[in-house]
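Just below is one structure, and these are the notes that go with it.
What follows is calculated from the coordinates using simple rules that are stated; it is not laboratory data. These numbers were taken from a predicted model, which means no experiment stands behind them. Because the Cβ atoms are built from the backbone with ideal geometry, glycine has one as well, and the counts that use them run over all protein chains shown.
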Ligand code: 0WD
């Protein structure tokens with residue numbers, strides 16, 4: 001029997017079958033979770049619906065996280081389909097490609113605001129509207145990267161947004177703990193996805209990880225999926241406000 005039987009979890013950020021959110025969904029479904037998927041726009045709707053079809057009983061709902069009304073509507077739909085919500089997987093980020101190369105010092109006001117709105121504030125916007133559905137307690141998780149704490153080449157404004165995201169995890173954890181809602185982040189090693197395409201020189205980043213990481217290999221999305229499953233389950237009931245590294249140990253090496 002599954003560790004997540006009877007648990008209702010919304011997964012945000014599936015764009016295609018390479019998305020980390022999709023690997024997370026696989027791990028959650030394997031443990032018996034009931035899943036809802038959200039998609040950003042009609043651009044990805046069909047792809048997400050096709051993928052969701054492979055997980056019986058899952059529902060697919062629209063939600064562009066830059067639009068408050070979308071998140072309000074999502075809360076309503078989740079209440080309709082699930083009643084009680086137990087988990088939120090936030091696996092969403094965006095920055096303009098021109099902000100992901102060259103010097104951080106060149107970041108525009110608009111690019112900074114957009115990256116922070118989608119990649120950092122959205123976690124709070126979603127938590128704010130969905131935690132009232134977590135009447136039996138719950139677990140919220142998001143995805144972050146080492147660029148939050150180190151100045152990594154080309155990661156630039158996304159690193160600053162991830163720092164804001166990680167701080168948000170701590171403040172949300174402090175707020176929602178009394179409601180028995182936990183909030184954590186997974187800091188994943190680099191994985192080749194659509195989002196990674198925006199990062200310049202991704203191949204050399206992967207090569208560096210293979211050379212330097214204690215486990216001498218790059219991170220697989222399924223490894224993140226299994227840690228996400230742990231975070232969504234009762235097994236992690238004592239953990240909140242934390243950043244957990246799933247990076248084959250890369251970040252400990254100088
Ligand atoms: O190496 C990597 N791939 C790592 C990714 C290492 C460490 C962390 N992460 C993070 C990313 O920063 C992101 O937070 O993991 C999360 C998921 O990223 P991913 O799976 O690598 O990338 P992708 O498959 O592109 O999923 C991100 C999705 C968007 O995809 P596209 O490529 O279409 O922008 O975030 C969603 C969208 O589906 N998204 C939105 N969803 C709702 N509203 C929005 C929005 N406004 N914007 C983007």
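Structure notes:
- Among 190-196, 228-234, the order from most to least packed when residues are scored by Cβ within 10 Å on average: 228-234, 190-196
- According to the calculation over all Cα-Cα pairs in the stretch 169-212, the P(r) per 10 Å bin from zero is 23, 30, 19, 24, 4 %.
- Residues 68, 117, sorted so that the one with the fewest Cβ neighbours within 10 Å comes first: 68, 117
- Available extension along the chain between residue 152 and residue 200 is 16.1 nm, counting 0.36 nm per residue and deducting the alpha carbon span.
- Paramagnetic reach from residue 3 in the stretch 166-208 [backbone N under 17 Å; point 7 Å along Cα→Cβ]: 182-187
- With the simple spin-label model, which puts each label point 7 Å out from Cα in the Cβ direction, the residue 110 to residue 49 separation comes to 3.3 nm.
- Short to long, the 10 Å bins of the Cα pair-distance histogram for the chain hold 7, 32, 39, 19, 3, 0 percent of all pairs.
- With 5 Å bins from 0: P(r) over the stretch 1-52, alpha-carbon pairs, percent: 5, 23, 31, 21, 13, 6, 1, 0
- Cα-based radius of gyration of the stretch 107-242 once divided by 2.2 N^0.38 Å, which approximates compact folds: 1.12
- Degrees, to the nearest 10: 20-30 long Cα axis against longest axis of the chain: 40
- When Rg and Dmax are taken over the Cα atoms of the stretch 63-145, they come to 15.2, 47 Å.
- Relative contact order, whole percent, for the chain stands at 20, derived from Cα pairs under 8 Å and 6 or more residues apart.
- Expected 222 nm ellipticity per residue - DSSP helices of 4 or more, -39500 (n - 2.57), all of the chain, to 500: -12500 deg cm²/dmol
- Which of 79, 197, 162 has the fewest Cβ neighbours within 10 Å, and the rest in rising order: 197, 79, 162
- In the stretch 131-220, Cα pairs under 8 Å separated by at least six residues give a relative contact order of 29 percent.
- Highest to lowest packing among 200-208, 59-67, scored as the average C-beta count within 10 Å: 59-67, 200-208
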